[in-house]
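What follows draws every value from the coordinates through simple rules; no lab data is involved. Predicted, not measured: the structure shown is a model, and the values here were computed from it. Note that each Cβ is placed from the backbone with ideal geometry, even for glycine, and that neighbours are counted across all protein chains shown.
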Amino acid sequence: MRERLLEVLCCPRTGSPFELHEAQRVGGQIAGGWLVSRATGARFPIGEGVPMLATDRRREARAQAGAGGRPAPVAAVPRRVGRRLEAVVDWLGERLLELHRPGAGAWVMQAGEAAGEFAVELATRHPELEVVALDDASSFSGEVTRAAGALENLHLVAGSLHGAGLAPGRFSWLVAHQGFDAGTAPRQAFSGLARHVAAEGAVALQIEAADFVRRCREEGSGSSVGRASLWGAASRLVASGVLEGLLSEPTRSRLREVLLPPVGPRWGTATLRSWFEEEGLTFSPHGEEWVFGKARAGRPVAT
């Protein structure tokens, strides 16, 4: 992690700024140490250069075990995850620029599924922006952590939009992929997402796909249910990194597409429109998968 990331980090429990304690520096970066809340003294570890701000006890325990500072290897930016992702990032960048053109040094965030891979592409294409990838630490692959060491404008944070530990109102672009609404409180998760958008900032939201097993049940095919469960398990195996040393990243990416194809949005247009409007965002759906928004003029910025 780079020290300037502290500009947009805050305690996920209180929202207070952090102080950096016991920092272990490697090659100009912070490989280990602790982020300490100024308000309460709560401590969050930096493990392998990644701030661990998730509040789940299991993740915290794993993160603390790695807080000794073993740095991610610094290497040239690897060949990334293939043409499909590159094309999506290019397309999203064009749409976001139509809504809001951030200045040099502005902070932007990618949150949710495949945050690391997407953020690598975004940071590569927009070196003038500071790009934060927000996700569970376990989903940052070796390629992503190596890229974070090589790209000066790429920052990795382990956490969730429910209690992200990121300062509100600081992000000029916010891109959230499938998984932003994971859990039982999707409306609350959306509020957590929206509060991070800066004045006049832009949002791109890829809607969580409807549950594949449920759809198979509705189609009345028990064998489809079993197949869906098997596909889901295989997809999780591919995404887990277990096969990282056996398959190339483009191959793993393609397997994810085949094993768990998109099956349409979980939330209807009327529901999403109301969420955007309640949070002071414009609402512009694009096809069945993406929704874009822009912070309305005069919208209060969260503090």
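If R0 is 45 Å, the Cβ-Cβ spacing of Q24 and R84 corresponds to a FRET efficiency of close to 0.75. Taking the average, over residues, of other Cβ atoms within 10 Å as the packing measure, peptides 33-43, 121-131 rank 121-131, 33-43 from highest down. Between Q188 and T40, the simple label model (points 7 Å from Cα in the Cβ direction) yields a spacing of 1.5 nm. Taking the Cβ-Cβ separation of E152 and A270 as r and a Förster radius of 45 Å, what is the calculated FRET efficiency to the nearest 0.05? Calculated value: 0.55. Protection proxy ranking, highest mean first, for peptides 20-29, 84-93, 44-53, 167-176: 44-53, 167-176, 84-93, 20-29, where packing is the per-residue count of other beta-carbon atoms within 10 Å, averaged. Computing FRET efficiency as 1/(1 + (r/R0)^6) for A199 and W91, where r is the C-beta to C-beta distance and R0 is 22 Å, gives about 0.30.
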